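Data block below; observations after.
Laboratory data are not the source of any read-out in this text; all were calculated from the coordinates shown. None of these values were measured; they are calculated from a predicted model. Because the Cβ atoms are built from the backbone with ideal geometry, glycine has one as well, and the counts that use them run over all protein chains shown.
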């Protein structure tokens with residue numbers, strides 16, 4: 001029987017960054033705009049009442065789209081997958097098989113393709129990953145929203161002038177929009193790694209290593 005974890009809230013945060021290097025107080029330094037990447041904090045409560053915060057980098061959603069061909073606008077599917085992934089066991093963990101619940105998961109998903117399996121369409125990769133998520137829900141953990149009235153009661157009790165949304169994941173579903181260029185760039189990275197697993201891949205416009213621009217030039221590259 002799977003444990004029921006309840007979802008209470010979702011909040012946007014960001015990764016560390018150096019504002020001094022973003023150009024302002026030290027103009028002599030080269031400007032840097034790295035950091036301050038969006039990160040989502042999902043508040044959850046375990047069956048024993050212990051609260052837990054799941055930190056999800058926004059880029060995780062981009063990677064899952066690239067790996068499994070998920071529609072970038074399908075945030076419901078992306079959240080369902082990402083929230084349950086921590087309980088997918090590794091088939092290479094010999095000790096995991098000592099736990100009968102985990103062993104049942106491994107048995108149910110044995111032989112399924114992964115995002116790195118070459119020659120498999122995205123639809124099959126996604127179906128296989130959904131099967132792994134279903135095994136998590138059946139044997140380990142299910143994430144369910146906490147009752148809105150209960151969540152609102154807690155907010156009122158602590159004196160916060162906030163209205164609890166019907167769906168505690170609403171801030172992510174309504175506030176997250178994935179950049180098509182970032183998703184495509186990650187897809188290029190996945191395709192390059194995936195194609196190189198079977199045999200050395202020849203770079204093309206669609207399949208190429210990082211920091212590589214093949215170009216569509218009518219002239220011959222020097223030395224080529």
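Observations
- Summary of the geometry: region 95-141 and region 148-179, compared by the centres of their Cα atoms, lie 32 Å apart.
- Extended-chain gain in nm, criterion 0.36 nm per residue less alpha-carbon gap, residue 147 and residue 123: 5.2 nm
- Using a Förster distance of 35 Å, the FRET efficiency for residue 104-residue 52 (Cβ separation, nearest 0.05): 0.90
- Under the simplified labelling scheme, the residue 12-residue 130 pair shows an inter-label distance of 2.9 nm, with each label point 7 Å from Cα along Cα→Cβ.
- Cα-projected label distance for residue 173 with residue 80, points at 7 Å along beta-carbon direction, nm: 1.2 nm
- Stretch gain in nm, segment residue 96-residue 185, where the contour uses 0.36 nm per residue and the Cα spacing is subtracted: 28.6 nm
- Sorted by Cβ neighbour density within 10 Å, fewest at the top, the residues 141, 45: 45, 141
- Beta bridges from DSSP with both residues in the chain: antiparallel share about 75 percent, rounded to the nearest 5.
- Look at 179, 92 and count the other Cβ atoms within 10 Å of each Cβ; fewest to most, that gives 92, 179.
- Residue order, fewest to most beta carbons within 10 Å, for 77, 17, 174: 174, 17, 77
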